[in-house]
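Colleague: One structure coming up, written as structure tokens, with questions to follow.
The values are calculated or read from the model by the stated rules, or taken from the named source; none is laboratory data. The structure displayed is predicted, hence computed values, not measured ones. Glycine gets a Cβ as well: all are built from the backbone with ideal geometry, and neighbour counts include every protein chain shown.
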Amino acid sequence: MESPFYILIVLIVIVYLLRLPFRSFYSAKKKGVKGEREVARLLRKLSKKQYIVLNDIYIKANNRSTQIDHIVISTHGIFVIETKNYDGWIHGHEKSQYWTQTFYQKKVQFRNPIKQNWAHVFILKSVLSSFGYMIYHPIIVFAGEAELKNISSNIPVIYINRLLKTIKGINSECLSIAQVEGIAEYLNEINITDSKREKAHNKFVRENIKQRNENIKALVCPNCDGRLLLRNGKYGGFYGCSNYPRCKYSKPA
Ligand SMILES: [Zn+2]
């Protein structure tokens, strides 16, 4: 006789084996945040006299908004760092649209991080154009267990343990200390922080409610801009939308 306990163990093993291949995909976003935190922690080891580190910068420019994982500003130029936290084998070419992650014989495509990072550099260039000439150093960092295979690239695509060496390895000078501080201050100023994003959202909601109430007062349907008409129902008068039955909005008279 097999005990229920034995069957339970077998079931647990099966469930465990089944979830393994999905492990790297189901929490991609969470993993991304973890990778960024790891890189931020590492960047804190840079000399504060020589490098200013900004993490999770959100910039709006030319009608586009973009989130940049890390920006390191120094007299040697501006390091623009894109962090990826992946497992498995990573294949990719500088010019291709997508790269692939191979994990337990599963292939997943993701946007070429080099192109993604060039877009970040482009937006920074336009935002910082008034600060004059400077050199940008894009870097792609892989946190996590990923193995980089056949990556062809002119810009550094590196493991996290090479990051500080890569940054410190660049010694050409292009900015004064005053410029470095000015740029950091300016980027902090235009950075749209979480609380700023939330404020903008709340303002939008408030204005939306205000607009709805004004419409109703003017007998305009707040859902479809139809007219609100006084009608007689079983239980007395009420306002209904002129687009009934397509629009079901109604309010007591
Ligand atoms: Zn309506």
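Colleague: Residues being in contact (Cβ under 8 Å) with a residue 12 or more places away in the chain and within 14 Å of the ligand (Cβ to nearest atom): count how many of those fall in region 219-239.
Modeller: Number of matching residues: 11.
Colleague: If the requirement is being touching a Phe, Trp or Tyr at 6+ places or on another chain (Cβ under 6 Å), crowded, with 21+ Cβ neighbours inside 10 Å and either touching a residue at least 24 places away in the same chain (Cβ under 8 Å) or assigned by TED's automatic domain parsing to the domain that holds K45 (or both), which of these qualifies: G144, G92?
Modeller: After ruling out the rest, the residue left standing is G92.
Colleague: Yes or no: D194 under 23 Å from V127 (Cα atoms) and without any contact (Cβ under 8 Å) to a residue 12 or more places away in the chain?
Modeller: So D194 passes the test.
Colleague: Checking Y186 against (1) exposed (fewer than 15 other Cβ atoms within 10 Å of the Cβ); (2) of a type in the set (F, W, Y); (3) within 16 Å of the ligand (Cβ to nearest atom): exactly one of these is not met. Which one?
Modeller: Result: Y186 passes all but (3).
Colleague: A178 is checked against (1) in contact (Cβ under 8 Å) with a residue 40 or more places away in the chain; (2) surrounded by fewer than 16 Cβ atoms within 10 Å (Cβ to Cβ) and fails just one. What number does that condition carry?
Modeller: Result: A178 fails condition (1) only.
Colleague: Just give me the residues in region 93-114 being under 20 Å from P138 (Cβ atoms) and of a type outside the set (V, I, T), in sequence order.
Modeller: Within region 93-114, H93, E94, K95, S96, Q97, Y98, W99, F110, R111, N112, P113 qualify.
Colleague: Given I209, I170, which one is within 20 Å of T83 (Cβ to Cβ) and more than 16 Å from the ligand (Cβ to nearest atom)?
Modeller: Of I209, I170, the one residue that is within 20 Å of T83 (Cβ to Cβ) and more than 16 Å from the ligand (Cβ to nearest atom) is I170.
Colleague: Can you tell me which of T166, T193 is of a type in the set (V, I, T) and at pLDDT below 90?
Modeller: T193
Colleague: Separate question: So which of V157, V180, V220, V141 is in contact with a Leu (Cβ under 6 Å, 6 or more places away or on another chain) and modelled with pLDDT of 90 or more?
Modeller: Among V157, V180, V220, V141, only V141 is in contact with a Leu (Cβ under 6 Å, 6 or more places away or on another chain) and modelled with pLDDT of 90 or more.
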